[in-house]
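Each reported figure results from applying straightforward, stated rules to the coordinates on display, with no laboratory input. Since the structure is predicted, the reported quantities are computational estimates derived from the model, not experimental observations. In this analysis, Cβ positions are derived from the backbone assuming ideal geometry, glycine residues included, and neighbour counts consider all displayed protein chains.
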Amino acid sequence: MKHILVIGGAGYIGSHTVRMLAQQGYQPVVLDNLSKGHREAVSNYPFELGDLGDKALLTRIFQKYPIEAVMHFAAFIEVGESVKEPSKYYHNNVAQVLNLLDSMVENHVKYFVFSSTAATFGEPVKPKIDETHPQNPINPYGNTKLMVEKMLADFDTAYGLKATALRYFNASGADDSGEIGESHNPESHLIPIVLQAAAGKRPSIKVFGDDYPTADGTCIRDYIHVNDLARAHILALEKMMKEDKSERFNLGSGTGFSVAELIKEAKKITGIDFKVEVAPRRAGDPAVLVADSTKAQQVLGWKPEYSLTRILQTAWNWEQNRKY
Ligand code: UFG
């Protein structure tokens, strides 16, 4: 059974990937410092408590389990916060990852799946963002992820470390089982906030800007279900190990929805007419981010299965019965 170290495995995307790895016959080993993650999300799997950049701990883990590959989900991910506190982002998302990569090289662990982001591209110069799109991030979060992508290319050239960078667009939804889902504290992501407004846990949803150059003035994003992302990780891992080659893929549905459209759909699915307010723009937000995932479809045979409606349904199910 292949052992995969999943760093940040107790977090949102990590926990869904851990579950799918186990379902597909892998042995996930979770490393998480639980600063953001939830122990309950990974109670059935080997668990190590600690930081991703702790080299002594990593060496112990690499000696304890026959780890063949590492997946890395333990990043800070909030665009707005990264503008206000860049130092925190450069430390965790870059410096700590450098320690991790050094440790992998020292311990001869050769394969790495890296959670990158649409935020590495900055303002789009064409309607859909494919892998050839220029990468000019407009916020510190995107900068940190692009820096690691560059480090990975250099580590491949120099040390033969093979890495696949997966640029997610907007991860969303929850597992159909209702056992795991999205839970950030504080929550900053649109879908959980919208559904918390529907559930009466918040007085309203604030729309950050209605004067963007889009049809209804609100930002457009490409929402992709967390299990579709999890599946892409496993396909990418298998391809990388088979071909011994570094790669990069953009992962989205290829369809954009505005904040206003999403709110409308959420009202339909929940049957609740919650309060919507317009607020000022949030720093660091591009107007439109939509993926062209043709490469992932052609090279990995990956195809997103969840529509926006199902994304919202699974998220609504989670919101009403959340375990953490
Ligand atoms: N938004 C609101 N009100 C809210 C929260 C969000 O109007 O209360 C808007 C945002 O301004 C944005 C959209 O909803 O236009 C989506 O915002 P999210 O915070 O849910 O997601 P982001 O697009 O900012 O960022 C997410 C991840 C990043 C990742 C990015 C890639 O958090 O890690 O997707 O597209 F880089």
Query - Longest DSSP-loop-exposure-free segment, trypsin sites (Lys or Arg not before Pro), the chain, at most 12 other Cβ within 10 Å - result: 1-200
**Report entry** Pairwise Lys count, segment 223-306 - Cα closer than 27 Å, eight or more residues apart or different chains
**Finding:** 11
Requested in this report: With θ set to phi - 60°, apply the Karplus curve 6.51 cos²θ - 1.76 cosθ + 1.60 along segment 266-276 and write out the HN-Hα couplings as whole Hz, x wherever there is a Gly or Pro.
Outcome: 5, 5, 5, 5, 7, x, 10, 9, 6, 7, 10
Report task. Determine which lysines satisfy two conditions relative to Lys64: a Cα distance under 24 Å, and not lying fewer than 8 residues away in the same chain. Result -> Lys2, Lys55, Lys110, Lys162
Report task. Just need the relative contact order of segment 72-149 here, percent rounded to a whole number, with Cα pairs under 8 Å and 6+ apart. Result -> 41 percent
Report task. Can you check what the net charge comes to around Gln96, using other residues whose Cβ is under 12 Å from the Cβ of Gln96 (Lys, Arg +1; Asp, Glu -1)? Result -> -1
Query - Environment charge of Tyr159, counting only residues whose C-beta is closer than 11 Å and scoring Lys/Arg +1, Asp/Glu -1 - result: -2
Report summary line: Filtered hits (lysines, Cα-Cα < 22 Å from Lys84, offset >= 8 within chain) -> Lys36, Lys145, Lys206
Query raised in the report: How high is the relative contact order of segment 249-324, in percent, with contacts defined as C-alpha pairs under 8 Å that are six or more residues apart?
Result: 49 percent
Query raised in the report: Measuring from a point 7 Å past the Cα of Gln297 along Cα-to-C-beta, which residues in segment 244-274 have an amide N at less than 15 Å?
Result: 250-256
Query - Simple Cβ-charge dipole of the chain, Lys/Arg +1 and Asp/Glu -1, about Cα centre, in debye nearest 20 - result: 260 debye
Query raised in the report: Do you know the relative contact order of segment 52-196, to the nearest whole percent, from alpha carbon pairs under 8 angstrom that are 6+ apart?
Result: 25 percent
Query raised in the report: How much net charge surrounds Gly284 when only the other residues with a Cβ under 14 Å from the Cβ of Gly284 are counted, with Lys and Arg +1 and Asp and Glu -1?
Result: 0
**Report entry** Debye equation applied to the C-alpha atoms of the chain, log10 I(q)/I(0) at 0.06, 0.07, 0.11, 0.15 Å⁻¹
**Finding:** -0.19, -0.26, -0.66, -1.27
